[in-house]
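Following: one structure in C-alpha cells, then a few remarks.
Since every read-out is calculated from the coordinates, none of them should be taken as a lab result. Here the structure is a predicted model, which is why all the values come from computation and not from measurement. With ideal geometry, Cβ positions are generated from the backbone for all residues, glycine too; neighbour counts draw on all protein chains shown.
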Amino acid sequence: MKSNRDIGFILVQLTDAVYLVIRARNDLVSGYADLNHAMGIEGPPAYTLEDIPVTVEPPRAVEDLVVEAMDRRPELLAIKERLRTAEHLRFAVGGI
C-alpha cells in the first residue's frame, strides 16, 4: 500500500514537472512575441538562444574598494582639479 502511495506521489510530481516545462515554453514564445512587438517586427519569431558563459570574480578587498571610492568622490575630484589649476596659474604667472 505504501508503494502505491509513493507511485501516486511520483506521478503527481511528474505531472507538475511536465506542466512547468509547458509553461516555460509558453513563456518563451510569449517573450519572443513581446520582443518582436517592441522592435516592430511582424511574423513568427525565429531566434536561437545560445549559452553565454558567466564568470564570477571573487570580491575585492574592502581596503581596495575604499581607496577606489575615495579616488572617485566628485567633491574630492573637484578640489584636486582646483588645486591643479591653481598650481598651473601660479607657474604661468612666474611663481614657483
Taking the chain, the whole-percent share of alpha-carbon pairs separated by over 15 angstrom is 82
Rg to Rh for segment 36-87: what is it, with Cα atoms only and Rh by Kirkwood? 1.41
With r defined as the distance between the Cβ atoms of residue 15 and residue 76 and R0 fixed at 41 Å, what FRET efficiency is calculated, to the nearest 0.05? 0.10
In deg cm²/dmol, rounded to the nearest 500, the helical mean residue ellipticity at 222 nm of the chain, built from -39500 (n - 2.57) for every DSSP H run of length 4 or more, is -25000 deg cm²/dmol
Starting from 0.36 nm per residue, how many nanometres of slack lie between residue 90 and residue 34 once their C-alpha separation is accounted for? 14.0 nm
Taking the alpha-carbon set of segment 1-50, what are its Rg and Dmax in Å? 18.1, 58
